[in-house]
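Enquirer: Got a structure here, written out as structure tokens. Questions coming.
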Amino acid sequence: MLLAVTKTWPASDVEILYELGLRNFAENRDQEAGAKVGQLRHLVEARWHMVGRLQRNKAKSVVEWADQVDSVDSVRLAEALAKAAHARGQKLDVLLQVSMDGDTSRGGCAVQDVPELAGAITRSGDLILRGAMTVAPLTMEPSQAFEALASVVSGLRDDHPTATGVSAGMSGDLEDAISHGSTCVRVGTALLGSRRLTSP
Ligand SMILES: *Cc1c(COP(=O)(O)O)cnc(C)c1O
């Protein structure tokens, strides 16, 4: 899957990508995304992912626009999302975000916490575990991190048969990620150019 990361870019750019055939889009801030998706309801086949760090108190707001949350990294966040998905009356697809070098300050849970978090997601009944996501850490060879993530996902599949997705690779390392098992690359800059703003 080519997931177009449209953060900081206007709704009109999403319309162009949609016309070119893209259907999967990602944002990293709830507020910006909510407004943008609201302007794009006419793109009926568009599917929206949240890929940024997420506070529990934003869960309710995120499920109003997101079809999938790719950055679930704690049991408490999973519980908040499950409650919000239940309230909206539609299950939410999620990925577990994993920090391959254990530096969880940049988002993601430690590898050893994956089984517990995956169990909490599946047991909630309102979330569907679709796999795992990572951002290549600064302290590790990206290819090593991608390989490790693919092996985390293959371990998950035994207990969680829906967990088949491996989201890894961005504009700078997507070929490397694909050759190490990625099934989803999250591409912003290579599609849309350099972002000038951190938020609109
Ligand atoms: C911004 C972002 C991307 C896209 O990065 P590019 O280098 O512009 O392709 C991918 N993943 C996440 C989580 C992001 O926040």
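Enquirer: Do we find a residue being polar (S, T, N, Q), open to solvent by 50 Å² or more (accessible area, probe 1.4 Å), within 16 Å of the ligand (Cβ to nearest atom) and touching a strand residue (DSSP E or B) at 6+ places or on another chain (Cβ under 7 Å) anywhere in region 133-145? Spell out the reasoning first.
Expert: Step one: of region 133-145, the residues polar (S, T, N, Q) are 134, 139, 143-144.
If we keep only those that are open to solvent by 50 Å² or more (accessible area, probe 1.4 Å) as well, we get 139, 144.
In the following step, the residues that additionally are within 16 Å of the ligand (Cβ to nearest atom) were identified as none.
The answer is no; no qualifying residue exists.
Enquirer: For residue 77, only one of the following conditions fails: (1) of a type outside the set (Asp, Glu); (2) closer than 28 Å to residue 193 by Cα; (3) surrounded by 23 or more Cβ atoms within 10 Å (Cβ to Cβ). What is its number?
Expert: With respect to (1) of a type outside the set (Asp, Glu); (2) closer than 28 Å to residue 193 by Cα; (3) surrounded by 23 or more Cβ atoms within 10 Å (Cβ to Cβ), residue 77 is out only on (2).
Enquirer: Now a separate question. Could you count how many residues in region 149-173 are within 23 Å of residue 33 (Cβ to Cβ) and more than 12 Å from the ligand (Cβ to nearest atom)?
Expert: Within region 149-173, residues that are within 23 Å of residue 33 (Cβ to Cβ) and more than 12 Å from the ligand (Cβ to nearest atom) number 1.
Enquirer: Right, another one. Across region 106-123, which residue is most open to solvent (accessible area, probe 1.4 Å) among those that are in contact with a Ser or Thr (Cβ under 7 Å, 6 or more places away or on another chain) and not hydrophobic (A, V, I, L, M, F, W, C)?
Expert: Within region 106-123, the match that is most open to solvent (accessible area, probe 1.4 Å) is 106.
Enquirer: Please work out if residue 26 is in contact with a Gly (Cβ under 9 Å, 6 or more places away or on another chain) and touching a residue at least 24 places away in the same chain (Cβ under 8 Å). Walk me through how you get there before you give the answer.
Expert: Details: in contact with a Gly (Cβ under 9 Å, 6 or more places away or on another chain): yes; touching a residue at least 24 places away in the same chain (Cβ under 8 Å): yes.
When the stated conditions are applied, residue 26 passes them.
Enquirer: For region 179-200, give me the residue count where each residue is within 10 Å of the ligand (Cβ to nearest atom), under 19 Å from residue 69 (Cβ atoms) and open to solvent by 40 Å² or more (accessible area, probe 1.4 Å).
Expert: The qualifying residues number 0.
Enquirer: A follow-up question, please. In region 80-106, which residue that is at pLDDT 95 or above and among the β-branched types (Val, Ile, Thr) is nearest to residue 67 (Cα to Cα)?
Expert: Out of the qualifying residues, it is 94.
Enquirer: Would you please name the residue that is most open to solvent (accessible area, probe 1.4 Å), looking only at residues in region 50-74 that are assigned to a helix (DSSP H, G or I) and closer than 22 Å to residue 39 by Cβ?
Expert: Initial filter on region 50-74 (assigned to a helix (DSSP H, G or I)): 56-62.
Narrowing the set further to residues that are closer than 22 Å to residue 39 by Cβ leaves 58, 60-62.
Values: 58: 88, 60: 143, 61: 43, 62: 0 Å².
Looking at residues that are assigned to a helix (DSSP H, G or I) and closer than 22 Å to residue 39 by Cβ, I get 60.
Enquirer: Take the residues of region 14-35 that are under 14 Å from residue 188 (Cβ atoms) and in a helix (DSSP H, G or I): which is nearest to the chain's Cα centre (by Cα)?
Expert: Going through region 14-35, the residues under 14 Å from residue 188 (Cβ atoms) turn out to be 14, 17, 22, 24-29, 32-33.
Imposing the further condition that a residue be in a helix (DSSP H, G or I) reduces the set to 14, 17, 32-33.
Details: 14: 18, 17: 19, 32: 16, 33: 14 Å.
Selected residue: 33.
Enquirer: Out of all the residues in region 150-173, which are open to solvent by less than 40 Å² (accessible area, probe 1.4 Å), under 14 Å from the mean Cα position of the chain (by Cα) and within 19 Å of residue 118 (Cα to Cα)?
Expert: Answer for region 150-173, where residues must be open to solvent by less than 40 Å² (accessible area, probe 1.4 Å), under 14 Å from the mean Cα position of the chain (by Cα) and within 19 Å of residue 118 (Cα to Cα): 163, 165, 166, 167, 168.
Enquirer: Quick one: which of 103, 176, 126, 93 is of a type in the set (Asp, Glu), within 16 Å of the ligand (Cβ to nearest atom) and buried (at least 17 other Cβ atoms within 10 Å of the Cβ)?
Expert: Values: 103 fails: buried (at least 17 other Cβ atoms within 10 Å of the Cβ); 126 fails: within 16 Å of the ligand (Cβ to nearest atom); 93 fails: within 16 Å of the ligand (Cβ to nearest atom).
It is 176.
Enquirer: How about region 53-66: which of its residues are within 16 Å of the ligand (Cβ to nearest atom), over 20 Å from residue 110 (Cβ atoms) and within 14 Å of the chain's Cα centre (by Cα)?
Expert: Across region 53-66, the qualifying residues are 62, 66.
Enquirer: Starting from residues that are of a type in the set (Gly, Ala, Ser), free of Cβ contacts under 8 Å to residues at least 40 places away in the same chain and touching a Leu at 6+ places or on another chain (Cβ under 9 Å), keep the ones in region 81-129 and report whichever is farthest from residue 61 (Cα to Cα).
Expert: Applying the filter and picking the extreme gives 108.
The values are calculated or read from the model by the stated rules, or taken from the named source; none is laboratory data. In this text, all values refer to a predicted model and were calculated from it rather than measured experimentally. We place every Cβ from the backbone using ideal geometry, glycine too, and count neighbours over all the protein chains shown. These area figures cover heavy atoms from the full protein model, side chains too; ligands, DNA and RNA do not enter into them. Shrake-Rupley method; radii C 1.70, N 1.55, O 1.52, S 1.80 Å.
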